[in-house]
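This report concerns only the one structure given below.
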Amino acid sequence: MSVALPVRSVDEEENLIGTCGCGSPWRLALNSVEPVSGKWHDIVGVRCPICGRSAGFTFDVTTFFQPRPGIWGRDMAAPAPAACRRMSAIECSHPGRSRQ
């Protein structure tokens, strides 16, 4: 399990992700928000459209993430089925997450 970097906004996540080593902007490949030990972790996978390199990041988004009603309980004890947890950028409930 990777260490989750604490962030206070999606903008901070994007700044930490940066760009690929070849200089191209990353493209979002996967996004999943998971309850982990009483905190919310945003798991982000990106892929470069130019060179094909991929990277993964785990962020602690507990300070600003608001789960959508009905997906997770308040106690975060039982996450929804995997299909419901795997959210695309369009379905993501982070305030300010770009809709790509």
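Rule-based calculations on the coordinates, nothing more; no lab input. The shown structure was predicted, so the numbers you read here are calculated from the model rather than taken from an experiment. No Cβ is skipped: glycine too gets one built from the backbone with ideal geometry, and neighbour counts run over all protein chains shown.
Amide H of LEU5 versus every other amide H placed in the peptide plane: which residues, excluding those fewer than 5 positions away on the same chain, fall under 5 Å?
When sequence neighbours closer than 5 places are left aside, the close amide H contacts are THR58, PHE59, ASP60.
By average Cβ neighbour count within 10 Å, what is the ranking of 35-46, 19-30, 52-63 from highest down?
Values: 35-46: 17.1, 19-30: 13.6, 52-63: 15.3.
Highest mean packing first, the order is 35-46, 52-63, 19-30.
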